[in-house]
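Working notes for the structure below.
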Amino acid sequence: MSKILYQVRKLIETSGQTRYAIAKATGISETQLSLLMAGKKGLSLDSMELLTEHLGHEVVLRKKRKGK
């Protein structure tokens, strides 16, 4: 599992919110959230932004530095 998906799963687990409440607030289905939590599927970037914004965080993508 990618680092970002692991971090998002931790955000959901520690949010104190049910998947139902998160689904209602974000429009992301409970099924998608369940699959994410089970490590079976990821989310689109748009859904990831909605979810992390709802949880009080943001997704930041940076170009990887080239190693020397």
With all protein chains present and a 1.4 Å probe, the order of Arg65, Arg9, Arg19 from largest accessible area down is Arg65, Arg19, Arg9
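About the Cα centre of the chain, what is the dipole size in debye to 20, counting +1 per Lys and Arg Cβ and -1 per Asp and Glu Cβ, all else neutral?
Here the chain has a charge dipole of around 680 debye.
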Just one of (1) 1.36; (2) 1.17; (3) 1.12 is Cα Rg over 2.2 N^0.38 Å as worked out from the coordinates here. Which one is it? (2)
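Would you mind counting up the charge near Met37? Only other residues with Cβ under 11 Å from its Cβ, with Lys and Arg at +1 and Asp and Glu at -1.
My count for the surroundings of Met37 gives +3.
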Given a 1.4 angstrom probe, what's the average accessible area per residue across the chain, in square angstrom? 79
The distance between the Cα centres of region 49-68 and region 1-34, in whole Å, is 16
Probe 1.4 Å, all protein chains in place: accessible area of Tyr6 in Å², nearest 10? 120
The percentage of the accessible area of the chain (probe 1.4 Å, all protein chains present) made up of carbon and sulfur atoms, to the nearest whole number, is 50
Select from the chain those GluC sites (Glu not before Pro) which occupy a DSSP coil region and have at most 12 other Cβ atoms within 10 Å, ordered by residue number. Glu58
Neighbour net charge for His57 - beta-carbon separation under 15 angstrom, K R +1, D E -1: -1
Measuring from the longest principal axis of the C-alpha atoms of the chain, the long axis of helix 3-14 (C-alpha) lies at a number of degrees, nearest 10, equal to 30
Could you point to the residue in Thr14, Ser44, Val60 farthest towards the positive end of the chain's charge dipole, with +1 and -1 charges on the Cβ of Lys/Arg and Asp/Glu respectively? Val60
Quick check on my link table: of Lys10/Lys66; Lys10/Lys63; Lys10/Lys41, which ones sit more than 27 Å apart, alpha carbon to alpha carbon? Lys10/Lys66
Neighbourhood charge, 14 Å Cβ-Cβ cut-off, centred on Leu11 and excluding it, Lys, Arg +1 and Asp, Glu -1: 0
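The values are calculated or read from the model by the stated rules, or taken from the named source; none is laboratory data. If you're wondering where the values come from, they're calculated on a predicted model, not measured in any experiment. Every residue, glycine as well, gets a Cβ built from its backbone with ideal geometry; the counts of neighbours run over all protein chains shown. Quick note on the areas: whole protein, heavy atoms, side chains included, nothing else; ligands and nucleic acids left out. Shrake-Rupley method; radii C 1.70, N 1.55, O 1.52, S 1.80 Å.
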